[in-house]
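To start, the structure under review is shown below, and the notes come after it.
The values are calculated or read from the model by the stated rules, or taken from the named source; none is laboratory data. Model, not experiment: these values are computed from the prediction. Because the Cβ atoms are built from the backbone with ideal geometry, glycine has one as well, and the counts that use them run over all protein chains shown. Just the protein is used for accessible areas: all its heavy atoms, side chains included, with ligands, DNA and RNA removed. Shrake-Rupley method; radii C 1.70, N 1.55, O 1.52, S 1.80 Å.
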Amino acid sequence: LIPKRQELVCTPSEQARDAIPEEFLGAFQTAAGRYELGEDGVWALAAVARLESDYGRGMSPEQMRIRGPLGIDEENWQRFAVDGDGDGKVKRESPGDSAATLARMIWASGDLRAGLFQHNHASWYVDEVTEEAEQMAGKCRVRTVAYSVVLPGPTSAPINWENVELSNSLELLDIQQGVIDPRILVLIAAISQDHTIRISSLRSDHSQYTSSGNVSNHYFGRAMD
């Protein structure tokens, strides 16, 4: 089984075409594909960046360092921060890191509106982002590509529980009841031999559907966060 992800190439509407810098549009496309947010996710991320900082142009270097161009608060940053641009560092001022972090937060919230609400905790803000996104929305070409992921070979080593932290009792119950795919257990075992790992979601503590409406692999015990 080869992991898949969406790859989006989008063109904004005429009125937004010159407003969204290429670096930011690329970050939004990558983040939306990575976290299954689809076309709507691209324009929502763009709208957030427009409202929060005008794509960084409305923030000082200090503000960019502290909140980043998408205005992610400290609590959400600590919980969801992602190295979206793949440079090995997680920086708020990076469009790639900020876009991937917000996309991950939206994905974890279950749907777009819930994720936007978690970002700002105001219904008016969600409505404003949605309206802005609709004005920006153009067309996207979407294709499914293989994820470049190297999986470990079979291992007979058991899970090293000294290196594994579970976020709740449901995850341990999933493992004990045998509802997790053996390949996932082998993956946990392989990682835990040499690295510490914190599991934030397995099967019972994940929604049945992804934010794009597809049945999640978590529901079948074939995924972990």
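Structure notes:
- In the stretch 30-57, the residues that are free of Cβ contacts under 8 Å to residues at least 24 places away in the same chain and open to solvent by 10 Å² or more (accessible area, probe 1.4 Å): Glu52, Asp54, Arg57
- Taking residues in the stretch 107-125 that are under 23 Å from Asn214 (Cβ atoms) and outside any loop (DSSP other than H, G, I, E, B), and partners anywhere that are of a type in the set (Phe, Trp, Tyr) and open to solvent by 40 Å² or more (accessible area, probe 1.4 Å), not one pair has Cβ atoms closer than 7 Å while being at least 6 places apart or on different chains.
- Test for Glu14: is it over 18 Å from Arg104 (Cβ atoms), open to solvent by 10 Å² or more (accessible area, probe 1.4 Å), assigned to a helix (DSSP H, G or I) and among the charged types (D, E, K, R): no
- Apart from one condition, Gly84 fits all of (1) at pLDDT 95 or above; (2) buried (at least 23 other Cβ atoms within 10 Å of the Cβ); the exception is (1).
- Selection from the stretch 17-29 of residues that are open to solvent by 40 Å² or more (accessible area, probe 1.4 Å) and part of a helix (DSSP H, G or I): Glu22, Glu23
- Every residue from the stretch 167-224 that is without any contact (Cβ under 8 Å) to a residue 40 or more places away in the chain, in a loop (DSSP other than H, G, I, E, B) and of a type in the set (Asp, Glu): Asp205
- Qualifying residue in the stretch 97-105 (condition: polar (S, T, N, Q), open to solvent by less than 40 Å² (accessible area, probe 1.4 Å) and either more than 30 Å from Ser207 (Cα to Cα) or part of a loop (DSSP other than H, G, I, E, B) (or both)): no
- Within the set Asp73, Asp83, Asp111, the sole residue that is closer than 22 Å to Glu36 by Cα, touching a helix residue (DSSP H, G or I) at 6+ places or on another chain (Cβ under 8 Å) and of a type in the set (D, E, K, R) turns out to be Asp83.
- Taking the conditions (1) surrounded by 13 or more Cβ atoms within 10 Å (Cβ to Cβ); (2) in contact (Cβ under 8 Å) with a residue 40 or more places away in the chain in turn, Lys139 satisfies each one other than (1).
- Residues that are part of a helix (DSSP H, G or I) and surrounded by 12 or more Cβ atoms within 10 Å (Cβ to Cβ), drawn from the stretch 154-166: Asn163
Yes/no per residue for (1) closer than 19 Å to Ser200 by Cβ; (2) among the hydrophobic types (A, V, I, L, M, F, W, C):
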| site | (1), (2) |
| --- | --- |
| Trp43 | no, yes |
| Gly58 | no, no |
| Glu62 | no, no |
| Ile66 | no, yes |
| Glu74 | yes, no |
| Arg79 | yes, no |
